[in-house]
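Notes follow the structure.
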Amino acid sequence: MTTSAILLVGGRGTRLLPLTQHTPKPMLEVAGVPFTEHQIRKAAEAGISEIVLATSYKADLFEPYFGSGEKFGIKIKYAFETTALGTGGGIKNAAASLGACDQVVIFNGDVLSGHDLGKQIEFHKSSNADVTLYLTQVIDARAYGCVEVDNDKRVKSFLEKMDNPVSNLINAGCYIFNPDVISSIPVDQVVSVERQTFPDLISSGAKVFGYIDNSYWLDIGTPAALVKASADLVTGKIKSTATPNHLGECLVSNTAQLDPTALIERGSVISPEVVVEAGSKISGSIIGSGAKIASNCVIVDSIIAPNTQITAGMLVFSNYLGF
Ligand code: GDD
Ligand code: MG
């Protein structure tokens, strides 16, 4: 039984502007590497041998970094949508590049999760499902796909972004599709799996199941979430083999120059060639390559773009500077 994968990385990342002005959301650095690397390594670890990146916005930035995938232990291919085709259209377009396989794992390109993908695949096979959705519980489901399941975990309804959610169970953005389901998506059309494909499958009686897993889950689609994801990876709250092994609670490049009186804490990332001067404190933040933090600054839960200069004494709280 072979499993292939599609990674949806074609969105515009509007909620992350201006961070996504020149970089697509999945290529933003999280714990020292592009976010996509965490997902690609997760796919490789689950035994997936081939993954197609469904690209559109800033598409040409992926291949120079990921190449053929050799370095990551997985074969990587690239599909491109000249105009974004939506999640369903993107899946259809990317599937044309996949070799024959028994099931396809689809990942949203902005989800950091500790869920057991191997178990989700097993659950999909044992329930003989057409589609299996990874589901998790949140306090407020309004920003997500809201899902209801019956006692056998069969999905009864899927309602994308509703004002009054009917449950706290949401689509966590990782699906297993049988190849037949992808065949039923129309070619070269804008299709949303959340608004069209899933509701249609459910109403036509297809076997759509929910795999509920309440381990770590985060959509990195806002600046606050992105910086939290990075710190959680660095401190080990969520594990990823893409995060280099390090000692202590921060990730500090060995080409960075830190004054001995500087304090770096709470999962901060100090990228190569960064300079941090005397008395500055950096907490839960990402400092991009070549940035210079002058003396006596306080930077908390923030992202500083590469090569940005922060002048002495600046206080930066939950802010995103230099983009
Ligand atoms: N290739 C391609 N083409 N990818 C796309 C397109 C497209 O036209 N549109 C969006 N994507 C990718 C994005 O890059 C992202 O990785 C993923 O699809 C989901 O898009 P988002 O824009 O991040 O959607 P969302 O966060 O509002 O909602 C989705 O994720 C939630 C969980 O985080 C939905 O799937 C919800 O149902 C879900 O609850
Ligand atoms: Mg998202």
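Write out, first by first residue and then by second, each pair whose Cβ atoms fall under 6 Å of each other, whose residues are 6+ apart or on separate chains, and whose first residue, in the stretch 171-186, is more than 22 Å from Ala46 (Cα to Cα) while the second is part of a helix (DSSP H, G or I) and away from ligand 2 (no atom under 16 Å from the Cβ).
Matching pairs, first to second residue: Ile185/Lys92.
Counting only residues that are more than 10 Å from the chain's Cα centre (by Cα) and within 11 Å of ligand 2 (Cβ to nearest atom), how many does the stretch 214-229 have?
2
May I ask you to list the residues in the stretch 238-285 that are among the hydrophobic types (A, V, I, L, M, F, W, C), touching a Gly at 6+ places or on another chain (Cβ under 9 Å) and within 20 Å of Leu28 (Cα to Cα)?
Ile238, Ala242, Cys250, Leu251, Val269, Val274
Restricting attention to the stretch 50-61, which residues are in contact with a strand residue (DSSP E or B) (Cβ under 7 Å, 6 or more places away or on another chain) and surrounded by fewer than 22 Cβ atoms within 10 Å (Cβ to Cβ)?
Those that are in contact with a strand residue (DSSP E or B) (Cβ under 7 Å, 6 or more places away or on another chain) and surrounded by fewer than 22 Cβ atoms within 10 Å (Cβ to Cβ): Glu50, Ala59.
When the residues of the stretch 98-119 are filtered to those that are surrounded by fewer than 17 Cβ atoms within 10 Å (Cβ to Cβ) and not in a helix (DSSP H, G or I), which remaining residue is nearest to ligand 1 (Cβ to nearest atom)?
At the first step, the residues of the stretch 98-119 found to be surrounded by fewer than 17 Cβ atoms within 10 Å (Cβ to Cβ) are 99-100, 102, 114, 116, 118-119.
So of that shortlist, the ones also not in a helix (DSSP H, G or I) come out as 99-100, 102, 114, 116.
Details: Gly99: 20, Ala100: 22, Asp102: 23, Gly114: 15, Asp116: 18 Å.
Here the residue is Gly114.
For Val298, all conditions in the list (1) crowded, with 21+ Cβ neighbours inside 10 Å; (2) without any contact (Cβ under 8 Å) to a residue 60 or more places away in the chain; (3) not hydroxyl-bearing (Ser, Thr, Tyr) hold save one; what is the number of the exception?
Failed condition: (1).
Counting only residues that are in contact with a Leu (Cβ under 9 Å, 6 or more places away or on another chain) and within 10 Å of ligand 1 (Cβ to nearest atom), give me the strands (runs of 3 or more DSSP E) lying completely in the stretch 169-221 with at least 2 of them. Before you say what the answer is, go through the steps one by one.
Values: elements: 169-177, 208-212, 217-219.
In the stretch 169-221, the matching strands (runs of 3 or more DSSP E) lie at 169-177, 217-219.
Throughout, read-outs are computed from the coordinates displayed, never taken from laboratory work. Just so we're clear, the structure is a prediction, and the values are computed from it rather than from any experiment. All Cβ positions, even for glycine, are placed from backbone atoms using ideal geometry, and neighbour counts span all protein chains on display.
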